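All remarks here apply to the structure that follows.
The values are calculated or read from the model by the stated rules, or taken from the named source; none is laboratory data. Just so we're clear, the structure is a prediction, and the values are computed from it rather than from any experiment. Positions of Cβ are backbone-derived with ideal geometry, glycine not excepted, and every protein chain shown enters the neighbour counts. Surface areas here come from the heavy atoms of the whole protein model, side chains and all, with no ligands, DNA or RNA. Shrake-Rupley method; radii C 1.70, N 1.55, O 1.52, S 1.80 Å.
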Amino acid sequence: MANNEWWKGAVIYQIYPRSFQDSNADGIGDLQGIIQRLDYIKSLGVDAVWISPFFKSPMKDFGYDISDYRDIDPMFGTLDDFDTLISEAHNRDIKIIIDQVLSHTSNQHPWFVESREDKTNDKADWYVWADANPDGSPPNNWLSIFGGVAWQWEPRRCQYYLHNFLTEQPDLNFHHPEVRKAVLDNVEFWLKKGVDGFRLDAINFCFHDKQLRDNPAKPIELRQGRGFSEDNPYAFQYHYYNNTQPENLLFMEEIRALLDRYPGTVSLGEISSEDSLQTMAEYTADGNKLHMGYSFELLTNDYSAKYIRETVSRLESVMTEGWPCWAFANHDVERVASRWSIDGKVNDTQVKMLTALLGSLRGSVCMYQGEELGLGEAAVAFEELQDPYGITFWPNFKGRDGCRTPLPWTKAKTNAGFSESKPWLPVSEAHALRAVDEQAVDSNSTLSYYQAFLQWRNAQPALKTGDIEFIDTPEPVLAFYRKTQTQTLLCAFNLAATQQSATLPEVALRQCELKHLSGTASANVLTLGAFGCYFAEVLS
Ligand code: BGC
């Protein structure tokens, strides 16, 4: 019988298709490349893949600006390739989650091309249009995440349009019922093709405040980058009005009603609001909205047991029916092996500990391509930058190219086996040394650990669906129980490079048989080596 809740506790491997595997020597990864590597993906022990956008796009934001929601961009392949990808993945029992970018389109999408023409066409209200102030300035103070004002002047209409991201990514007007219907029809196109779910990009950005009220200023001490650069004026405001509007909750219900017609499909909303954890809870409440929420809370520079404990605990305290999805890395932030490094260098033991820690948190998890190889952030020279965000904010913020460089497959091959031609972003030399072929034959590698850990995790009911209960341990030790009716597991992690000990509650433990456990528990004293982990069954 089909398990419609396969996604609870699942490990979702994120593929950034441009940089995964090139099959036709144009320097850009593609769908055939993913198909060729499905056996590798299977060997990792993940349940699903989430593939970043591969739809027709002018690629101003590398696929997050879509000009045709129902077609594949030729650089990635064809609809037939996609059908093959689904059936080949399903043959291997791998689920396919695709990205849906609903809040905005490309400015080359036919809807926008029509909408911008005049104020009377059929699509005139499909985007967020507003008159200038009497002095010609934009209608309000809203800002774009990628820097500068969120309004672009359109001479044909003598009006401004809203773009929360790039100028080339105009925001759709979700207050218009026809827009919601058209968007959901596009989503259904992919459900009919047999996808298992969606990662919903910037889903709390669909609606804007109809009155276009100004966002209030944020005090200097509270301005911090959450997935955006610290020197970005976007941090200077509370984003009360340009996103996360109450109407969005009803739209989440509309999405869920559609998915419920395709049993076993799942929605994972990317949420970035003033209080992302609260919004994750609201957007997944009552069993009639999204299944899972995903936020940037563990994608920041905050690396401490306290921060992780408080973040997870806070979500646990507000989330009801919903299911969390955690990630330490993705295509928008510095690679975690660098971001959370203690001394600026990649440390394999820390990488392994982070795999185990992420895989032990309650909820589902997204693991980004290359995390299994312990890839650090790649250095990309200014001349080679592709990301417009990085180009704008260079040199303080170098953008997102350093986490998007191609995956190294074979150390000795040209471009580490990613492509026979010059790749769209350079393959890092440091990455080539950590290529899949090298790591696959080394039982001590981060890749071997990842595979062994996920295999073991798959057999632990408590890690898949158990509750989480934190144990009060001092920094830098993070410890918790995961509990189902049949199993209680103690999970403990040392986030530092020096040996640590902590006091545990007095319960009988049986240490789990798992690679690279560096801890011991004797009586109620837990000792953990540098970046060590300890897992034990609690015996009742
Ligand atoms: C995606 C980014 C993208 C943005 C605009 C995000 O949250 O993850 O890569 O630039 O949405 O679509």
- Query: Quick check: anything in segment 323-330 open to solvent by 10 Å² or more (accessible area, probe 1.4 Å) and either more than 16 Å from the ligand (Cβ to nearest atom) or among the hydroxyl-bearing types (Ser, Thr, Tyr) (or both)?
  - Reply: yes
- So which of Asp61, Asp65 is under 16 Å from the mean Cα position of the chain (by Cα) and within 16 Å of the ligand (Cβ to nearest atom)? Asp61
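Being under 18 Å from Phe251 (Cα atoms) and buried (at least 19 other Cβ atoms within 10 Å of the Cβ) is the filter here; which residues of segment 166-177 pass it? Working first, answer last.
To start, the set of residues in segment 166-177 that are under 18 Å from Phe251 (Cα atoms) comprises 171-177.
Across segment 166-177, the qualifying residues are Asp171, Leu172, Asn173, Phe174.
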- Query: Does Asp99 satisfy the condition of being of a type outside the set (A, V, I, L, M), closer than 30 Å to Gln21 by Cα and either in a loop (DSSP other than H, G, I, E, B) or within 16 Å of the ligand (Cβ to nearest atom) (or both)?
  - Reply: yes
- Task: With the condition kept exactly as written, say whether any residue in segment 178-189 is open to solvent by 20 Å² or more (accessible area, probe 1.4 Å), touching a Lys or Arg at 6+ places or on another chain (Cβ under 7 Å), outside any strand (DSSP E or B) and modelled with pLDDT of 95 or more.
- Result: yes
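Conditions (1) among the charged types (D, E, K, R); (2) at negative phi; (3) modelled with pLDDT of 95 or more; (4) part of a strand (DSSP E or B), marked per residue:
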position	(1), (2), (3), (4)
Pro474	no, yes, yes, no
Leu490	no, yes, yes, yes
Ala496	no, yes, yes, no
Ser501	no, yes, yes, yes
Glu513	yes, yes, no, no
Phe535	no, yes, yes, yes
- Query: For residues in segment 107-139 being out of contact with any Phe, Trp or Tyr (no Cβ under 7 Å at 6 or more places or on another chain) and within 16 Å of the ligand (Cβ to nearest atom), which is least open to solvent (accessible area, probe 1.4 Å)?
  - Reply: His109
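Considering only residues that are among the acidic types (Asp, Glu) and open to solvent by less than 40 Å² (accessible area, probe 1.4 Å), which ones fall in segment 263-310?
Of all residues in segment 263-310, those among the acidic types (Asp, Glu) come to 270, 274-275, 282, 286, 297, 302, 310.
Listed by number, the residues that qualify are Glu270, Glu297.
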- Query: For segment 1-96, list the helices (runs of 4 or more DSSP H) that sit wholly inside it and hold at least 3 residues that are open to solvent by 10 Å² or more (accessible area, probe 1.4 Å) and in contact (Cβ under 8 Å) with a residue 24 or more places away in the chain; which are they?
  - Reply: 38-44, 79-91
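So which residues in segment 126-147 are within 30 Å of Phe397 (Cα to Cα) and free of Cβ contacts under 8 Å to residues at least 12 places away in the same chain? Walk me through it before giving the result.
Residues of segment 126-147 that are within 30 Å of Phe397 (Cα to Cα), as a first pass: 128, 137-147.
Within segment 126-147, Ser137 is the sole residue that qualifies.
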- Message: Looking at segment 69-80, can you tell me whether even one residue there is over 19 Å from Arg404 (Cα atoms), within 14 Å of the ligand (Cβ to nearest atom) and modelled with pLDDT of 95 or more?
- Response: yes
- Message: Taking the criterion of being more than 16 Å from the ligand (Cβ to nearest atom), touching a residue at least 40 places away in the same chain (Cβ under 8 Å), surrounded by 19 or more Cβ atoms within 10 Å (Cβ to Cβ) and not acidic (Asp, Glu), would at least one residue in segment 391-407 satisfy it?
- Response: yes
- Query: Taking segment 376-388 on its own, how many of its residues are within 15 Å of the ligand (Cβ to nearest atom) and either at pLDDT below 95 or touching a Lys or Arg at 6+ places or on another chain (Cβ under 6 Å) (or both)?
  - Reply: 1
- Identify, please: which residue in segment 148-165 is more than 16 Å from the ligand (Cβ to nearest atom), part of a loop (DSSP other than H, G, I, E, B) and in contact (Cβ under 8 Å) with a residue 40 or more places away in the chain and is, among those, surrounded by the most Cβ atoms within 10 Å (Cβ to Cβ)? Arg157
- Query: Can you spot a residue in segment 348-369 that is open to solvent by 20 Å² or more (accessible area, probe 1.4 Å), within 16 Å of the ligand (Cβ to nearest atom) and either outside any helix (DSSP H, G or I) or at pLDDT below 95 (or both)?
  - Reply: no
- Query: Among Thr520, Thr527, which is open to solvent by 10 Å² or more (accessible area, probe 1.4 Å), assigned to a strand (DSSP E or B) and without any contact (Cβ under 8 Å) to a residue 24 or more places away in the chain?
  - Reply: Thr520
